[in-house]
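Each remark here refers to the structure printed beneath this line.
Please treat every number below as a calculation from the coordinates, not as lab data. These numbers were taken from a predicted model, which means no experiment stands behind them. When we count neighbours, we look across all protein chains shown, and the Cβ atoms used for this are built from the backbone with ideal geometry, even at glycine.
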Amino acid sequence: MEEPLVERFRELWDQLAPIGRDAASGGYLRYAWSPAELRLRDWFAEQAARRGMPVDADGNGNLFAWWGELDTVRAGDGTGAVLTGSHFDSVPHGGAYDGPLGIVSGFLAVDELRQRGVTPARPIGVAAFAEEEGARFGVPCLGSRLFTGAIDPDRAAALTDADGVTFAESLGGPPTGARPDLLDRLGAYVELHVEQGRGLVDLGAPVGVASGIWPHGRWRLEFTGEANHAGTTRMADRRDPMLTLAFTVLATNKEARLRGAHATVGRVLVEPNATNAVPGRARAWLDARAADAATLAALVEAVRAKATDRARRDGTTVTVVEESATPLVGFDEDLGGRLAGLLDSPVLPTAAGHDAGVLAGHLPTAMLFVRNPSGVSHSPAETASDADCAVGVLALADALADLATR
Ligand code: HGY
Ligand code: MN
Ligand code: MN
């Protein structure tokens with residue numbers, strides 16, 4: 001007698017829970033190719049082997065476990081494989097569910113289909129995409145961008161982490177880049193993800209279907225002034241980049257609010273970062289998102305203008321460099337509509353980026369969200385109930401069955 005799904009979910013979940021968890025914060029430190037993420041990759045291989053699913057690596061750090069032979073699919077002939085999955089990596093001290101829930105649910109959905117006696121007409125795959133958060137190398141969805149050709153592999157190879165280690169060194173060699181030989185054999189991608197907000201809580205629904213992703217991006221703000229002594233330098237003689245940075249952070253918040261957009265400066269590096277030194281340089285990263293591209297562009301321009309104007313007053317300089325950009329993503333309406341009907345689930349947008357947002361430009365793509373009672377994400381407070389996660393697995397199984405038996 002099969003044990004109940006909620007118990008099988010908890011069993012897998014308990015295997016992952018201790019991996020990369022910081023005892024002090026309760027959050028996760030699962031950076032790409034960190035010891036924790038390597039253990040998660042080993043776990044992925046074990047789960048695939050246990051299910052007789054061979055694992056392909058695409059040369060960009062992404063893993064694909066297959067139920068069925070991908071070679072049986074002729075590229076572009078409409079019988080494409082059905083892929084699900086998500087990512088293992090986390091933001092610093094991130095939550096347990098952001099990413100791994102989609103991978104655990106993928107394997108459990110395969111189990112569910114096998115229990116139902118479903119015989120897929122096409123291969124079903126579970127993916128683990130690399131560096132989705134961009135927490136180590138600075139570009140989010142790096143693995144899926146490489147896989148789809150959305151980023152130049154040479155640029156990706158040269159990206160460095162805080163210790164100067166390049167992406168290529170961590171990968172063990174230069175990334176392959178676009179894999180049309182695999183991508184063209186995919187017929188649909190459905191990613192299950194914990195909701196990063198309160199939409200489903202307010203709707204009283206355990207699972208929802210995503211309509212799309214707000215356009216968003218990351219900009220590096222470089223503030224340069226003059227390093228000097230904190231005690232002997234007269235205030236009038238200072239060229240303090242922290243002043244310009246502080247003003248820019250306040251202006252960012254105001255300009256976002258004025259436009260109904262979202263903007264954050266959550267990461268700052270100050271040099272020399274000494275208590276008794278006026279800084280010479282400060283770098284900060286702007287994360288900006290809006291419901292449409294024009295609003296996003298206007299917001300970033302307003303921040304740039306305010307920062308530049310203030311720099312003039314402070315005797316400092318500022319540069320604003322785009323590091324990554326994701327255009328508005330509208331998920332496949334037919335697929336999304338069909339899944340919402342099949343699952344009797346609400347449809348809702350998100351301002352969170354996902355690998356599904358990258359794949360959506362190449363094949364019919366959908367996302368399923370699982371209710372997050374706290375509504376909080378990118379924080380140890382992120383949560384989901386086992387019961388809702390089990391409902392998510394059943395919903396994903398229904399979606400995969402619908403796609404793989406059509
Ligand atoms: O940043 C994001 O929107 C996603 O959680 N990586
Ligand atoms: Mn995330
Ligand atoms: Mn995520």
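Relative contact order for segment 236-308: 36 percent, from Cα pairs under 8 Å spaced at least 6 residues apart, divided by residue count. Electrostatic bookkeeping for Glu226 treats Lys and Arg as +1 and Asp and Glu as -1; over the other residues with beta carbon under 11 Å from its beta carbon, the sum is 0.
Note down the magnitude of the dipole of segment 216-326 about its Cα centre, charges +1 on Lys and Arg C-beta and -1 on Asp and Glu C-beta and zero elsewhere, to the nearest 20 debye.
On the way: 17 positive and 13 negative charges, 43 e Å.
It comes to approximately 200 debye.
Between helix 293-314 and the chain there is an angle of about 20 degrees, using the helix long axis and the longest principal axis of the Cα atoms. The residues packed around Trp214, meaning those with a beta-carbon under 15 Å from its beta-carbon, carry a net charge of 0 if Lys and Arg are +1 and Asp and Glu are -1.
Counting only alpha carbon atoms, the long axis of helix 386-404 and the longest principal axis of the chain meet at about 70°.
Take peptides 252-260, 390-398, 376-384 and line them up by average Cβ neighbours within 10 Å, highest first, as a rough protection proxy. Walk me through the intermediate numbers first.
Numbers: 252-260: 16.0, 390-398: 23.3, 376-384: 18.6.
Highest mean packing first, the order is 390-398, 376-384, 252-260.
Evaluating 6.51 cos²θ - 1.76 cosθ + 1.60 at θ = phi - 60° for every residue in segment 90-105, the Karplus couplings come out as 10, 6, x, 6, x, x, 7, 8, 4, x, x, 4, x, 7, 4, 5 Hz, glycine and proline recorded as x.
Only four residue types carry charge here, +1 at the Cβ of Lys and Arg and -1 at the Cβ of Asp and Glu. Report the dipole size of the chain about the Cα centre in Debye, rounded to the nearest 20. Kindly include the intermediate steps, with their values, before the conclusion.
On the way: 38 positive and 54 negative charges, 268 e Å.
Charge dipole of the chain: 1280 debye, to the nearest 20.
Candidates Gly336, Pro180, Gly27 compared by Cα position along the dipole of the chain: farthest toward the positive end lies Gly27, with charges placed on Cβ. When shorter helices are ignored and each DSSP H run of at least 4 residues is given -39500 (n - 2.57), the per-residue value for the chain at 222 nm works out to -11000 deg cm²/dmol. Helix 333-343 and the long axis of the chain differ in direction by around 60°, with both axes built from C-alpha atoms. Annotation: amide H-H contacts under 5 Å for Trp285 (H modelled 1.01 Å from N, sequence separation of 5 or more, or interchain): Leu221, Gly266, Arg267. One quarter of the surface of the convex hull around the alpha-carbon atoms of segment 216-326 equals 6.4 nm², the direction-averaged projected area. For the peptides 357-366, 62-71, residues were scored by their other Cβ atoms within 10 Å and the scores averaged per peptide; the highest-first order is 357-366, 62-71. Database remark: amide H of Tyr31 closer than 5 angstrom to the amide H of Glu37, Ser90 (H placed geometrically; neighbours at sequence offset of 5 or more, or on other chains; Pro and chain starts carry no H). The Cα center of segment 364-404 and the Cα center of segment 45-98 differ in position by 17 Å.
All other residues with a Cβ under 12 Å from the Cβ of Trp13 taken together, and with Lys, Arg as +1 and Asp, Glu as -1, what is their net charge?
Working: positive: Arg8, Arg10; negative: Glu7, Glu11, Asp14, Asp386.
Summing Lys/Arg as +1 and Asp/Glu as -1 gives -2.
Near Thr365, the amide H atoms lying under 5 Å from its own belong to Tyr189, Asp332; only residues 5 or more places off or on other chains count, and H is placed 1.01 Å from N.
Quick check on packing: order 279-290, 217-228, 190-201, 18-29 by the mean number of other C-beta atoms within 10 Å, highest mean leading. Display every interim value, and only then the final one.
On the way: 279-290: 21.5, 217-228: 19.6, 190-201: 23.3, 18-29: 16.0.
Sorting 279-290, 217-228, 190-201, 18-29 by mean packing, highest first, produces 190-201, 279-290, 217-228, 18-29.
For the chain, the relative contact order is 22 percent, taking Cα pairs closer than 8 Å that sit 6 or more residues apart in sequence and dividing their mean separation by the residue count.
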